[in-house]
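**Student:** After the structure tokens below, expect a handful of questions from me.
The values are calculated or read from the model by the stated rules, or taken from the named source; none is laboratory data. As the structure is a computational prediction, the values presented were derived from the model and not from experiment. For neighbour counting, all protein chains shown are included, and Cβ atoms are generated from backbone atoms with ideal geometry for every residue, glycine included. Areas reflect the complete protein model, heavy atoms only, side chains present, ligands, DNA and RNA absent. Shrake-Rupley method; radii C 1.70, N 1.55, O 1.52, S 1.80 Å.
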Amino acid sequence: MRKILCIIATLLCVSTIEAKVSLAQLFQSGMVLQRGKSIPVWGKAETGELVTVRFNNKQYATTADLQGHWHINLPKMKAGGPYTMTVGDIVLTNILIGDVWLLSGQSNIDVTIERVYPQYTKEIDTYENPDIRLFRVQNETAVQGVKDDIRPTSINWKPVNKENAWLFSAAGYFLGKRMYEKTKVPQGIIVNSWGGTPIEAWISADSLREDYPQLVKRAEFFQSDDYVKAQAQANMEADKQWQKILKNTDPGILKDWTSLSFDDSEWQSVNQWDTKWAISPTTHRPVVGTIWLRQHITIDKTHAGKPARLLLGTLFDQDFTYLNGQQIGHTGYQYPPRRYDIPEGLLREGDNVITVRFINKYGLVHFIPEKPYLIAFGEDRFSQNPMPSDVLPLSETWKMQLGAEMPNCPSGDISLQNIPTTLYNAVLYPLAPYALSGVVWYQGESNTGNPAPYADYLKKMMGCWRDSWKDQKMPFVIVQLANHDGRQQTGFPSPITPQTKPVKSGWAALREAQRITAKNDPRAELAVINDLGETVDIHPLRKKEVAERIGLCFDRLIYNNKVYLSPEVTSTEVKDGNIILTLDQPIQSGKLNEFEVAGSDGIFQNAEATANGDNITILSPLATQTLPLKVRYAWKDDPKTANVRSLSGLPMSSFELEVKK
């Protein structure tokens, strides 16, 4: 009897111990584990407590260390599943073995399926795949050292369908779909990104300290919780007071300028592209506060009462939009497209009115060109590729009235996500060493103002991530900056006339840093997308095509090193008074644009160029000069006419090279 009691007591003790075991947030039912590699599993428990993991009909045990951490490496497995994993009393089900990809960076990773849906409506509506699982890391910062784990998240290994993917990264969604079609094995997509963040936030303090001590000191400045809380509270109170004064003094709110019956006949008629109407008549500066615009539209009997969609392009900055006095949309900042659904019954036969209330804290209120401004009807009204078949274009003429002018809202920058090391500490370090197939780095826009150190930053970032995973061969795909007019980021509309002469370009310089870093790293490739961007939109929507380019890079890195990517220059020479560039592959023949040559004075001039086979011939009188001689290609923020392409249609990266005679 005593022996039986001892056994029962021991079992109860073990059960109690194992009941306290926890797993890192990445380990949940539905997860995808990496095939062909040792599978790390880890979590927390009381110091010295027993941890037992049961998986694939085998059992593994360890004990928690002095800090309460435990870690077990499961053996390599082939693709397959579903499996069940038991850790103490925790039971995880529906586990797949396949390929796992980590996508990180800033807002172009954040761009969701909802945002790009009009480009791919039929595909997104119909595609489901339970073998592709999505995981979104919750945003968090840490200034005082690394965290043990990430926060719980709502998108936690969800299978791909329209509903689960709606607020998930479009690039991640399409990459998972593409790689599944390529390999036919389960795909796990982990997205860990934060819009507007610089690369410094994603690098460890140890990696920055020696060469960039000022960056580390800047991070340490924010280690004062009292300062951070006080500044954040002050910012919140300032904004609250600003909004209160605005609401209480805006005549459009007080007199209801949104209703159809409101008489706007005395309002000024303005053209939406002539932004003089956004200049204050009292300060002669851009209006800070509110501006109201109204446009009357006539609806015929056929369309009256029908549901529709208002496409109001993209606006700067915040807007509240109304139809016949009813609010149909609100967007809090400049970047998202304004796609506002008009409910059934709201459009009446005859006269209707659209009212837009702009709220602006900086810059100049304006409409973004090259965007759709219309009302779409019919079942295809959600599509923009192709555009709907039944549309009513809006007029460029609006009735305008100044609302409430306001002083600038006082604030202090306390965006911890932009501070060096904070994202590495909070959301990158805790993911390691979850086994991965590869990493996608899609970032750079926030560093175009100072591109000089970016190549070094990127090298350090890849190095510290590989150190965290203890995998110096971890594959990286660097997504190069797309074409975009960087002048659009200032908050003021700028001419969209293409730049035709050589210019200094922070965007081109950063692309060059990305190119050089990828070229010098045998386990990195560059996805060139300088033909997939938009002049006026920093968030281009063709994310399926971006994912295809990323996938091609992984094909080459992991599956077949003979895959051709974007053309690259392998050698240069001067011959018969011309500059000859030899490429790693044949390209499409014909006249080429966007080439520039500089002589010993370093001043670049446009140059004519032609392609034939794997050679580019550049015609320039500077070719007869003595060294140094340099060649640039596509060296602009938005090199729209750049046209060097592989035979399969992939664009060549911008570059700056010294010609060797």
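**Student:** Filter region 584-643 down to the residues that are basic (Lys, Arg) and assigned to a strand (DSSP E or B) and list them by number.
**Tutor:** LYS591, LYS630, ARG632
**Student:** Could you check region 332-341 and list, in sequence order, the residues that are surrounded by fewer than 17 Cβ atoms within 10 Å (Cβ to Cβ) and part of a strand (DSSP E or B)?
**Tutor:** ASP341
**Student:** How many residues are surrounded by 13 or more Cβ atoms within 10 Å (Cβ to Cβ) and of a type in the set (S, T, N, Q) when one looks only at region 204-222?
**Tutor:** So the answer is 2.
**Student:** Now for a different question. Taking the condition surrounded by fewer than 16 Cβ atoms within 10 Å (Cβ to Cβ), within 30 Å of TYR120 (Cα to Cα) and hydrophobic (A, V, I, L, M, F, W, C), does PHE382 pass?
**Tutor:** yes
**Student:** Restricting the search to region 434-465, which residues are assigned to a helix (DSSP H, G or I) and either closer than 27 Å to THR641 by Cβ or open to solvent by 20 Å² or more (accessible area, probe 1.4 Å) (or both)?
**Tutor:** GLU445, SER446, ASN447, TYR454, ALA455, ASP456, LYS459, LYS460, GLY463
**Student:** Still on this structure, I have one more. For residues that are part of a strand (DSSP E or B), in contact with a strand residue (DSSP E or B) (Cβ under 6 Å, 6 or more places away or on another chain) and of a type outside the set (A, V, I, L, M, F, W, C), tally how many sit in region 82-130.
**Tutor:** Qualifying residue count, region 82-130: 12.
**Student:** Okay, next question. Please name all residue pairs, on different chains or six or more residues apart, with Cβ atoms under 6 Å, provided the first residue is in region 32-54 and is under 17 Å from LYS78 (Cα atoms) and the second residue is among the basic types (Lys, Arg) and open to solvent by less than 50 Å² (accessible area, probe 1.4 Å).
**Tutor:** These pairs meet every condition: VAL32/ARG133.
**Student:** Restricting to region 166-203, what's the tally of residues that are more than 30 Å from ALA452 (Cβ to Cβ) and open to solvent by 10 Å² or more (accessible area, probe 1.4 Å)?
**Tutor:** Result for region 166-203: 11.
**Student:** OK, next. Taking the conditions exactly as written (surrounded by fewer than 21 Cβ atoms within 10 Å (Cβ to Cβ), in a strand (DSSP E or B), charged (D, E, K, R) and touching a residue at least 12 places away in the same chain (Cβ under 8 Å)), does GLU548 satisfy them or not?
**Tutor:** no
**Student:** In this structure, is PRO498 free of Cβ contacts under 8 Å to residues at least 40 places away in the same chain, farther than 22 Å from GLY649 by Cα and not in a helix (DSSP H, G or I)?
**Tutor:** no
**Student:** Could I ask something else about it? Please go through region 164-179 and give me each residue that is part of a helix (DSSP H, G or I) and touching a helix residue (DSSP H, G or I) at 6+ places or on another chain (Cβ under 9 Å), ordered by number.
**Tutor:** Selection gives ALA165, ALA170, ALA171, GLY172, TYR173, PHE174, LEU175, GLY176, LYS177, ARG178, MET179.
**Student:** Hey, another quick one. If only one of ASN73, ASN139 is in a strand (DSSP E or B), open to solvent by 20 Å² or more (accessible area, probe 1.4 Å) and either touching a residue at least 60 places away in the same chain (Cβ under 8 Å) or more than 24 Å from THR153 (Cα to Cα) (or both), which one is it?
**Tutor:** So the residue among ASN73, ASN139 that is in a strand (DSSP E or B), open to solvent by 20 Å² or more (accessible area, probe 1.4 Å) and either touching a residue at least 60 places away in the same chain (Cβ under 8 Å) or more than 24 Å from THR153 (Cα to Cα) (or both) is ASN73.
**Student:** Here is a follow-up. Among the candidates GLY329, GLY289, GLY305, which residue alone is over 25 Å from PRO372 (Cα atoms), open to solvent by less than 70 Å² (accessible area, probe 1.4 Å), touching a residue at least 12 places away in the same chain (Cβ under 8 Å) and touching a Leu at 6+ places or on another chain (Cβ under 8 Å)?
**Tutor:** The match here is GLY289.
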